[in-house]
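S.K.: Before I ask anything, let me first share the structure, which is written out below as structure tokens.
Laboratory data are not the source of any read-out in this text; all were calculated from the coordinates shown. Bear in mind the structure is a predicted one, so any value in this text is a computation, not a measurement. Cβ placement follows ideal geometry from the backbone for every residue including glycine, while neighbour counts extend to all protein chains displayed.
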Amino acid sequence: MPLYNLCLAWNWEYDRDFARLLESACAKVGLSFFQVTAENLDSALAGLSSGEISFSAFLDRASESDPRFQPLCDRLRQKHIFRINPQKLTVWSADKATMHLEFVSRRLDTPYTILLSPANEQPNLPPLDLSLLGGRFAIKPASLGGGEGVVLDATSLEQVSSVRWQHPNEKYLLQVQVAPQALDGRPAWFRVLVCDGAVYPCWWDQHTHVYTPVRAEEHFRFGLRSLYEVPRRIAGICRLDLFSTEIALAVDGRFQVVDYVNDPVDLRLQSKAADGVPDTFVENIAARLARLAESHRTGS
């Protein structure tokens, strides 16, 4: 029975480069690597059922957008295979309302936020004092990703009432818009990737979504230690091996977590897409995931 040390399930065409880098990283530490895509999903499931193949570790980057991969995730969970970013944790940590309460209870700085129950559960809005949110505020569904359903410049109760009915089963967050400081003329807004304890902080342009790695010199000159400390604290809360988060240095000097836990992480290469992740970071992440799989290696 062939035993593969790491199985990657993926279905997004732009994950091809990441899959290639992960396969290469596994080869460098002597691990076997197996890819499951839409083309071989059925045969992989059949092989698992018959005992023809097995895996030591599993990373799922497909089931969130394609339910055909769910039986694969279920089968490997039942077999107690080591799972990078276990599905139970990814679903739990994707809920922004839950994460907001977790962060507040752990004394992580977040923007002032009002949580709303789903419209289907509470059709009429409770009394709200929108003045606490400032003149403009963000409306965010709790569990939708990719910016779906987000309104960034809301101003009225009427907008809140209308927006929450677009996704009536969703909890919503009404959140203060954070004004970042300017550091050398650049907004102090950062997207930080975290992989198995390693932290990769980047300046992040909110409009173009372009990543620029934070240099060591900038880390010391601007006092950006929190860009390393806060993501590690978030990792301790969400317990994911790989995720990203957004942090802004507000004008009042506080580092505020403005977008909590993002998974799966967009790992397109910056050499291929302007708004992709710097290539060296993706390469480092692939290497760390291979080492993580190696630590859970089992014999044939």
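S.K.: Placing +1 on the Cβ of each Lys and Arg and -1 on the Cβ of each Asp and Glu in the chain, which of His209, Leu249, Gly134 has its Cα farthest towards the positive end of the resulting dipole?
M.R.: Ranked along the dipole, the leading option is Leu249.
S.K.: OK, next. Filter the trypsin sites (Lys or Arg not before Pro) in segment 214-267 to those in DSSP coil with at most 15 other Cβ atoms within 10 Å of their Cβ, and list the result.
M.R.: Arg215, Arg225, Arg239, Arg254
S.K.: Once you have a ≥ b ≥ c as the square roots of the Cα gyration tensor eigenvalues for segment 112-176, tell me rounded if a/c is under 1.5, and otherwise prolate or oblate according to whether a/b is larger than b/c.
M.R.: The shape class here is oblate.
S.K.: Given Cα pairs under 8 Å that are at least 6 residues apart, what percent is the relative contact order of segment 1-157? Working shown, then result.
M.R.: Numbers: 152 pairs, mean separation 30.1, N = 157.
Reported relative contact order: 19 percent.
S.K.: Only one of the listed values, (i) -0.26, -0.43; (ii) -0.36, -0.58; (iii) -0.30, -0.50, was derived from the coordinates as log10 I(q)/I(0) by the Debye sum over Cα atoms at q = 0.07, 0.09 Å⁻¹; which label is it?
M.R.: (iii)
S.K.: If you rank Tyr112, Tyr228 by fewest surrounding Cβ atoms within 10 Å, what's the result?
M.R.: Working: Tyr112 13, Tyr228 16.
By the 10 Å Cβ count, ascending: Tyr112, Tyr228.
S.K.: Also: Run through the DSSP bridge list for the chain and note the antiparallel percent, rounded to the nearest 5.
M.R.: Just about 70 percent of them are antiparallel.
S.K.: Please report the antiparallel percentage of the DSSP beta bridges confined to segment 1-119, to the nearest 5.
M.R.: 0 percent
S.K.: Still on this structure, please answer the following. Determine the shape class of segment 179-263: with a ≥ b ≥ c the square roots of the Cα gyration tensor eigenvalues, call it rounded for a/c under 1.5, and otherwise prolate if a/b is greater than b/c, oblate otherwise. Numbers along the way, then the final one.
M.R.: Working: a/c = 1.62, a/b = 1.53, b/c = 1.06.
Here segment 179-263 falls in the prolate category.
S.K.: Let me ask something else about it. For segment 115-157 and segment 1-59, write down the distance between their C-alpha centroids in whole Å.
M.R.: 41 Å
S.K.: Give the aspartates and glutamates reachable from Lys28 as a straight Cα distance under 19 Å; neighbours fewer than 8 places away on the same chain don't count.
M.R.: Partners found: Asp17, Asp196, Asp279, Glu283, Glu294.
S.K.: Less than 17 Å apart at the alpha-carbon level, and either on another chain or at least 8 residues along: which lysines does that give for Lys171?
M.R.: Lys96, Lys140
S.K.: With contacts defined as alpha carbon pairs under 8 Å and 6 or more residues apart, what's the relative contact order of the chain in percent? Show your work: numbers first, answer last.
M.R.: On the way: 508 pairs, mean separation 63.7, N = 300.
After rounding, I find 21 percent.
S.K.: Can you give the charge dipole size of segment 112-176 about its Cα centre, rounded to the nearest 20 debye, using +1 on the beta carbon of Lys and Arg and -1 on the beta carbon of Asp and Glu?
M.R.: 80 debye
S.K.: How about Lys79: which lysines have a C-alpha closer than 22 Å to its C-alpha, ignoring those fewer than 8 places off in the same chain?
M.R.: Lys88
S.K.: In whole percent, what relative contact order does segment 167-300 give with Cα contacts below 8 Å and a gap of six or more residues?
M.R.: 23 percent
S.K.: Also: When the helices in the chain are scored as -39500 (n - 2.57) per DSSP H run of 4 or longer and the sum is shared across all residues, what 222 nm value do you end up with, to the nearest 500 deg cm²/dmol?
M.R.: Taking each H run of at least 4 residues, the total per residue is -9000 deg cm²/dmol.
S.K.: State to the nearest 20 debye the size of the charge dipole of the chain about its Cα centre, where the only charges are +1 on K and R beta carbons and -1 on D and E beta carbons. Don't skip to the end; give the middle numbers.
M.R.: Values: 31 positive and 36 negative charges, 160 e Å.
Once rounded to the nearest 20, the dipole reads 780 debye.
S.K.: Another question, then. If you plug each phi of segment 254-263 into the Karplus form 6.51 cos²θ - 1.76 cosθ + 1.60 with θ = phi - 60°, what whole-Hz ³J(HN,Hα) values come out, in order, with x for Gly and Pro?
M.R.: The phi angles translate into 8, 7, 10, 7, 9, 9, 6, 9, 10, 7 Hz.
S.K.: Using the Cα gyration tensor of segment 128-235, with a ≥ b ≥ c the square roots of its eigenvalues, what is the shape: rounded (a/c below 1.5), prolate (a/b larger than b/c) or oblate (neither)?
M.R.: It is prolate, given that a/c is not under 1.5 and a/b is the larger ratio.
S.K.: For every other residue with a beta carbon closer than 10 angstrom to the beta carbon of Leu289, add +1 if it is Lys or Arg and -1 if Asp or Glu, then tell me the sum.
M.R.: With Lys, Arg at +1 and Asp, Glu at -1, the neighbours total -1.
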